[in-house]
Amino acid sequence: MSQFPKASFKSKNIKFTDETNAIVTGDLTLKGITKSISFPISKVGEGKDPWGGYRVGFTGETSLKLTDYGIDYNLGPASTHVEMALHIEGVRL
């Protein structure tokens, strides 16, 4: 854990399916391994912020296969996948 204390996600594309739902594609880095993933997101709000910018928030969930990221501990069948929730805030200046 101390060698890889953080996970990161860098979005590359957002394709809206309607006014509030989209598919986001980007690079997820977990345990030093980067893979491209796509998952659905939903808009939770948007508006001007107090600093003169404009913000929009999204939330989404996806399931990850742990062995895809080099996590292969034998913890039984319940440990093969993990559910990940993402809360994304974008700022337009």
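Please treat every number below as a calculation from the coordinates, not as lab data. Treat the numbers as computed from the prediction; the structure is a model and nothing was measured. Note that we place each Cβ from the backbone using ideal geometry, even for glycine, and neighbour counts take in every protein chain shown.
Restricting to Cα pairs below 8 Å that are 6+ residues apart, what does the relative contact order work out to for region 8-92? Please round to a whole percent.
22 percent.
Suppose every Lys and Arg Cβ carries +1 and every Asp and Glu Cβ carries -1, with no other charges. What dipole size does region 8-92 come out with about its Cα centre, to the nearest 20 debye?
260 debye
Output the pairs from Lys31/Lys65; Lys6/Lys48; Lys6/Lys65 with a Cα-Cα distance over 22 Å in this structure; if there are none, say none.
Result: Lys6/Lys48 exceed 22 Å.
Once the other residues with Cβ under 15 Å from the Cβ of Lys6 are scored (Lys, Arg +1; Asp, Glu -1), what is the net sum?
+1
Where does each of 2-13, 60-71 land if you order them by average Cβ count within 10 Å, highest first?
Top of the packing list down: 60-71, 2-13.
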